[in-house]
Amino acid sequence: MRIDQPWLHAPSTRAVCEALTAGGGEVYFVGGCVRNALLGEPVSDLDLSTNILPQEVVECADRAGLKAIPTGIDHGTVTVVAEGIPYEITTFRKDVATDGRRAVVAFASDIAEDARRRDFTMNAIYARPDGTVVDPLGGLPDLQARKVVFIGTAENRIREDYLRILRYFRFHSWYGNAADGFDPEALAAIAENLDGLDQLSRERVGAEMVKLLNATDPAPAVAVMRQIGVLAHVLPGADDRALAPLIHLEADLPTEAETRLAALGGENLRDHLRLSKAMAARVELLRDLAVGGQSSAEVAYRHDAETARRAMLLRSALLEMPLDANLETDIELGATARFPIKAKDLMPYVQGAALGQTLRELEAAWIGSGFALTRADLLAKLRL
């Protein structure tokens, strides 16, 4: 079996592969690029594995006139840049010791050893530079059936890195066959190791949750996470009842993890998931608007059409109420409305603190009229 993708034949890709093979190395694409190519999914990052040591990778790149960056050279990873495109190249590795958060690794010369340290069989499929698929652990049938299967035993893989609990649900949401459901043995191993989640950095947990929630439909995975106790560990107080209705309502919109996080709620979400300030603010804003009393038109006026749309979908999901038939019309009305009064229109008759208060009162009256009151109508209210 071969893969045939434009990135495989790109001049930059060929340059990197030829630089390594010219130095006597074997080189394989691995992980997401191979998995997604075989599934017909979009490919973003290009990761490669090789049997030569990191310093040799640097030397091969230098000889070929390519830029080598020692991004993780102690762990076997060098980033080689060709024509502005980064290629992450990692020497074959094997785990020597693990503590549930990180692994002590040693370099290996055997592709099967490198494959055995990975998490799922669908992520342990390799491809040579000519596209020939190399499947040292027999993971191809699992990938073709869209089965997320731990390499070896789920118990062992999880105890090597407890983040694999969240990765299991993330990969199931992105690549799993929803009709097949979840593997009972995997779920049993996860349930036995929930306390391991508490060892993980909040940054790693947050990053996985965001990736999970950006899947087309993560609701089944999140429901199972709640049922077996994962959700309570990573996001105490979260409630997923509104998630599936929200996903149904936003079917025609691009996925947005922030809206889905707002649907889940939870205690001190920002700290538990170490969200960026911008993302945390977006989640909080959407949640506040959804449970608040502002109309969709007012939200669109005060923020923007997209925020109003997301907030109203979230409101509908949280409150279990149907969407307003005029939602899009009202959002368009609010998003294009411009308050016709400026501070200078009220001066010098109104000044100081009274000026701001009067502007707010007039704006409220204007919004309450459906943005229909004109400048003259509003000034007439003041009898100026």
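Figure legend. Inter-residue proximity from segment 29-49: first residues farther than 17 Å from R146 by Cα, second residues of a type in the set (V, I, T), beta-carbon distance below 6 Å, spacing 6+ or different chains. Indicated pairs: D47/V30; L48/V27; L48/I89; S49/V30; S49/T90.
A search for C-beta distances below 6 Å between a residue of segment 109-122 that is over 18 Å from D142 (Cβ atoms) and modelled with pLDDT of 90 or more and any residue that is assigned to a helix (DSSP H, G or I) and of a type in the set (D, E), counting only pairs 6+ apart in sequence or on different chains, returns nothing. Just one residue in the set A290, A311, A297 is more than 27 Å from the chain's Cα centre (by Cα), modelled with pLDDT of 95 or more and buried (at least 22 other Cβ atoms within 10 Å of the Cβ); that residue is A297.
Specify the residue that is modelled with the lowest pLDDT; the eligible residues are those in segment 234-244 that are assigned to a helix (DSSP H, G or I) and buried (at least 18 other Cβ atoms within 10 Å of the Cβ).
As a first pass, look at segment 234-244 and keep what is assigned to a helix (DSSP H, G or I): 234, 243-244.
Now restrict to residues that are buried (at least 18 other Cβ atoms within 10 Å of the Cβ): 234, 243.
On the way: V234: 95, L243: 98.
Per the criteria, the residue is V234.
Among the residues of segment 247-270, are any closer than 29 Å to A189 by Cβ and touching a residue at least 60 places away in the same chain (Cβ under 8 Å)? Within segment 247-270, not a single residue is closer than 29 Å to A189 by Cβ and touching a residue at least 60 places away in the same chain (Cβ under 8 Å).
A Cβ distance below 9 Å, combined with a sequence gap of six or more or placement on separate chains, defines the contacts here; from segment 78-94, residues that are touching a residue at least 60 places away in the same chain (Cβ under 8 Å) and in the same structural domain as V16 (by TED's automatic domain parsing) reach residues that are of a type in the set (F, W, Y) and surrounded by 21 or more Cβ atoms within 10 Å (Cβ to Cβ) in the pairs V80/Y87. The set of residues in segment 175-190 being assigned to a helix (DSSP H, G or I) and not acidic (D, E) consists of Y175, A178, A179, P184, A186, L187, A188, A189, I190.
When the residues of segment 55-87 are filtered to those that are touching a Phe, Trp or Tyr at 6+ places or on another chain (Cβ under 8 Å) and at negative phi, the one that is surrounded by the fewest Cβ atoms within 10 Å (Cβ to Cβ) is V81.
Against the test of being within 26 Å of the chain's Cα centre (by Cα) and not in a helix (DSSP H, G or I), the options L275, L318 yield a single qualifying residue, L275.
The rows are residues; the columns are (1) assigned to a helix (DSSP H, G or I); (2) under 27 Å from the mean Cα position of the chain (by Cα).
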residue: W7; (1), (2): yes, yes
residue: I52; (1), (2): no, no
residue: T79; (1), (2): no, yes
residue: P86; (1), (2): no, yes
residue: T90; (1), (2): no, yes
residue: A106; (1), (2): no, no
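The values are calculated or read from the model by the stated rules, or taken from the named source; none is laboratory data. This structure is a prediction, so every number in the text was calculated from the model and none was measured. For neighbour counting, all protein chains shown are included, and Cβ atoms are generated from backbone atoms with ideal geometry for every residue, glycine included.
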